[in-house]
Structure formats: structure tokens, C-alpha cells
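All remarks here apply to the structure that follows.
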Amino acid sequence: MAFLDLPLDLLSDILSHLIHPQHIASACRVNRYFNHFATPKLYERASIYSWHKRAKAKVVSLFNTLSGHPQLAEHIRDFPKYVGKEELEELVITGLQNCVNLRSCTWTRDGALNSGVLRVLQACATLEELEINGHSDGHYDALILQGFSHLRRISLIMPSADVVNQLAPWMNNTGASLSSLTLICKMSPRITDNILEVVAPSLASLSQFSIAGCPRVTHTGIWAILSNNTLGLQSLSLEALSTRFDLDALCLHCAHNPTALSRLTSLTLSIHSEQWLPSILALLAPAPLVQLQLYASSRWTSNTERKGAEHSSTNTDTNTLFWRTLLDTHAHRLQRVSVHRMPLRLGVIKDICTRCVELRQLFVAIVPEDLSKFAACLVPARKLVSVHVNFPGRSTGSLPSSDDDSDPEDQEEADDEPDGEEDEDERTSLLIAPTMLKAPEALAIVRRCPESIALFGCNSRVWQVGREIRKNETTGEVVAERYLARYEMSDIPEQFLVVRT
């Protein structure tokens with residue numbers, strides 16, 4: 001059967017495999033049938049990042065299109081992560097008003113959000129998810145936030161005092177529908193235990209809670225959130241909180257209320273010492289854990305490192321014992337294991353890959369000397385899709401890059417430079433990790449990985465794993481040979497979004 005003879009109903013599924021906007025735009029120009037199916041996909045999500053070349057020009061072009069063509073704006077579901085200054089306000093507001101089916105909006109550039117934009121978003125009946133920069137001073141009236149009363153997901157980045165003061169009434173208004181709350185600060189003292197205790201009664205239906213960079217939040221505030229939750233959190237993320245945070249005390253509270261974490265499938269935690277590891281095991285004992293992300297803070301101390309290599313080579317260290325015990329309880333469910341700034345032994349990595357039969361994602365830190373043996377540890381993980389490896393003492397804070405020898409035209413799009421001021425979507429601390437693995441070396445590892453591998457990264461690089469069908473001229477056997485391609489997803493890989501301190 002010729003391609004043009006395929007039923008039109010299949011065209012939508014075929015086009016769903018296109019990722020790069022340029023490719024989708026080309027599909028729109030094939031004929032009217034392709035245009036009918038590809039146009040909604042092209043406009044479904046519009047993302048313009050501040051580091052893109054000609055970012056401001058792209059913003060103007062986008063909003064000109066949305067303002068002048070309401071039928072295209074109707075396709076928008078997820079809105080851009082960057083927008084320009086006040087000279088675009090009228091154009092932006094008109095374009096937003098035409099996005100009548102908008103479900104999710106991310107507006108995180110410092111100074112770009114204003115009261116007019118917020119009022120238009122507030123009038124959008126379909127809006128369910130809002131991620132904004134919380135620095136309202138001189139930009140927007142924080143009182144407007146109380147009017148968002150039916151949101152399902154809220155993410156606040158760098159909230160100013162006025163925004164923090166509105167949290168209690170705002171959460172009271174939207175708490176019944178709210179299932180996800182994220183608070184990201186930059187070591188700001190504005191979010192405190194007292195703030196969390198005040199808003200906690202309004203957050204009884206939360207399934208996801210994430211807080212980062214709040215040095216005045218301790219276990220007391222976190223327990224207020226947990227104890228007021230009636231459904232049980234499914235995802236909990238605690239990063240860079242107070243030095244007085246007592247994990248043992250939180251474990252004790254949870255032990256007295258066994259249902260507090262009985263639905264927890266995902267835990268993200270920045271930890272200061274190996275002494276926390278036994279407490280983590282106790283905390284997770286009742287949880288049906290599926291995802292675990294651990295980040296060693298800058299204050300990380302390791303008993304093994306203090307005792308020296310000779311001791312660690314002849315004794316089971318705390319880290320190894322932690323993973324062995326954790327896997328005894330959770331290995332059959334774990335799909336994602338992410339460990340940063342805490343180098344793991346190859347034996348531990350192999351144990352994770354062997355015992356976690358559902359493992360899809362693995363992010364680990366190893367010493368560079370172990371890299372040649374690393375791939376062999378991954379072989380047992382038959383469902384592994386994403387692998388990222390870091391080296392100790394380095395952080396993945398730069399944006400993903402691809403092979404230096406990639407096509408120049410593709411590279412122009414991939415390596416867009418910042419245009420304008422620095423984006424205040426400060427989920428990264430911008431710690432640049434030197435690239436230590438070239439594409440040929442990475443490919444050698446990938447070709448030893450399970451067939452399921454689709455994404456591979458090392459430090460500041462991420463590659464997509466492609467397949468090329470070839471026929472062996474000698475044997476006639478048809479094989480799918482793996483190769484590394486430039487990362488083309490619209491999202492930044494998660495391992496680059498946050499660097500924990």
C-alpha cells in the first residue's frame with residue numbers, strides 16, 4: 001500500500017512522532033490534509049526561551065499571529081516560557097485573549113508579568129496550571145492572584161513579600177481544586193514554617209508538594225503540610241531547606257501517623273550527610289516508592305570518605321548498605337533512580353539495574369575511572385530508557401548540547417545564545433560543568449546498553465539515541481544500528497532544571 005493510500009485517521013498518529021517545530025511546520029505545508037492534522041500540533045505548545053537567537057523577534061511574531069488569527073490561537077494549550085517587555089503589552093494581551101482553550105501557562109521571566117496579563121489569564125475558564133515568577137514588586141498587583149480560584153497546579157518562583165502575604169487567602173480560594181504546589185526560592189527567608197502552618201489546612205487535597213531554597217523551613221512546616229493532607233501525598237520534594245531540618249523528627253511524626261506517606265510514590269531530597277540515610281529508609285518504609293531523587297548538598301559529609309579508601313574496600317560502607325536495604329523493600333517498583341553529588345560504586349549501580357526490573361531512568365555520579373566499566377552495569381536493566389552520568393565535584397547546570405560535529409544548520413537552532421537579560425526562571429544555579437565525554441565515547445557506551453535506551457547524557461551533554469536500519473552485506477541480516485543525535489525535545493532535560501545547593 002502506498003503512503004498516500006493510508007487512511008486519514010492514521011495521519012494524526014503518524015504526525016505525533018514529529019518533535020521539532022520546524023518539522024511540524026513543514027508537514028503543515030504538504031497539502032490540506034496534512035495541514036488539518038499538523039496545525040493543531042504546531043500551535044498546541046508555544047515555547048520561546050530567553051537564550052534563543054532573535055528571541056524578542058520571535059515573541060513579536062508569535063503574538064502577531066495569535067492576535068491576528070484567533071483560529072490558530074484556539075489551538076494553544078501550553079504557553080511560552082518567555083515574553084518581552086511592556087512595549088508588547090497590547091499585542092500580548094490581544095493574543096492571550098484569543099487563546100480560549102489555554103490549559104497551562106508558564107510565565108517565569110522576571111519583570112515580564114504584569115497585572116494586565118494576569119487579569120486576562122484569570123478570565124480564561126479552561127486554565128488549570130499556572131507557573132509564574134513571584135517577584136511582583138513594581139510589576140503586578142499580588143492581590144489579583146486571589147482571583148485564580150480553580151487551579152489544579154501552581155508553581156511560584158522567587159515570590160516577593162506581597163505574593164507571600166497573599167498565599168493564605170489564595171490557597172483558601174483555590175485549595176479545593178489544587179493538587180500540586182511548588183515553591184521555589186533562592187535561599188529567601190520569606191517562606192517560613194509559620195507560612196506553611198497557616199496555608200496547610202487549605203491544602204488538604206494536594207498530591208504533589210515541592211519546596212526549594214527556603215532556609216527558614218524546617219521539619220515543623222513540612223509536617224504541617226503532611227498532617228493536614230487527607231488524601232496522602234504522592235510526590236514530595238524537599239531541597240535546600242533550613243540547617244535545623246530534623247529528618248529524624250519528621251520520621252517520628254510519620255511513624256505516629258502511618259498513612260501520612262502511605263501513597264508516596266516519588267521523593268526528592270537534598271541531604272547533608274550519610275547519617276541521614278538510615279532516616280530516609282525509615283521515612284520510606286510505608287511508601288509504595290516508584291521514583292527516588294537524592295542530592296548531596298554542599299555540606300555533604302561521607303563517613304566512607306573520612307575513613308579512607310582502604311577501609312571502604314574491605315567493609316560495607318553506609319552508602320552501599322543503604323542501597324541494599326532500600327532495594328530489599330522497593331526494587332520491584334522503582335522506575336527512576338537519581339543520585340547527584342554522591343558517587344556510587346559500580347557494584348551498587350549494577351545491583352540497582354539488576355534488581356529494579358521496572359527501571360526506566362537512571363541518573364548517577366561515578367568517578368571518571370569507572371566510566372569504561374559503567375556500561376556493563378546497565379545491561380541487566382532491560383527497560384532502561386534514559387541514562388545520565390555525572391562526575392564528582394561537577395554540576396549539570398548548563399543547557400544540553402549535542403555533538404560538536406553536528407550539522408551547522410541544526411546547530412544554529414540548538415545553540416541559540418541569550419537575547420536580552422538573564423532569565424529569572426532560576427531553576428539553575430548556572431554552574432557550568434565541563435564536558436568530559438565526546439560523542440564517539442558516549443556512543444561506545446550506548447551500544448553496550450540495553451536496546452531500550454533512548455536518551456544518554458554525561459555532565460552538560462545530552463544525546464538522543466537514534467536507530468538506523470542496515471543490512472549486513474555478508475550475512476544479509478537486517479539490524480538496527482544505534483547512533484547519537486542532537487537533542488530535539490522542546491523541554492529542557494530534567495537533570496538541568498535544578499542544581500541543589
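Worth pointing out:
- Failed item, numbered, when Ile453 is tested on (1) surrounded by fewer than 18 Cβ atoms within 10 Å (Cβ to Cβ); (2) at pLDDT 85 or above: (1)
- Residue within region 76-89 that is modelled with pLDDT of 75 or more and open to solvent by less than 40 Å² (accessible area, probe 1.4 Å) present: no
- Cβ-Cβ contacts under 7 Å between residues 6 or more apart (or on different chains), taken from a first residue in region 269-289 that is of a type in the set (Gly, Ala, Ser) to a second residue that is buried (at least 17 other Cβ atoms within 10 Å of the Cβ) and part of a helix (DSSP H, G or I), are listed as Ser279/Leu247; Ser279/Cys251; Ala282/Cys251.
- Restricting attention to region 327-371 and to residues that are more than 21 Å from Glu239 (Cα to Cα) and of a type in the set (Gly, Ala, Ser), the residue that is least open to solvent (accessible area, probe 1.4 Å) turns out to be Ala331.
- Qualifying positions in region 473-488 - assigned to a loop (DSSP other than H, G, I, E, B) and surrounded by 10 or more Cβ atoms within 10 Å (Cβ to Cβ): Tyr487, Glu488
- Residues of region 229-262 that turn out to be more than 26 Å from the chain's Cα centre (by Cα) and surrounded by fewer than 21 Cβ atoms within 10 Å (Cβ to Cβ), as a count: 13
- Residues (polar (S, T, N, Q), without any contact (Cβ under 8 Å) to a residue 40 or more places away in the chain and open to solvent by less than 30 Å² (accessible area, probe 1.4 Å)) located in region 115-140: Ser115, Ser136
The values are calculated or read from the model by the stated rules, or taken from the named source; none is laboratory data. All of these numbers come straight from a predicted model, not from anything done at the bench. Neighbour counts are summed over all protein chains in view; Cβ atoms, including those assigned to glycine, are modelled from backbone coordinates with ideal geometry. What goes into the accessible areas is simple: the full protein's heavy atoms, side chains included, and nothing from ligands, DNA or RNA. Shrake-Rupley method; radii C 1.70, N 1.55, O 1.52, S 1.80 Å.
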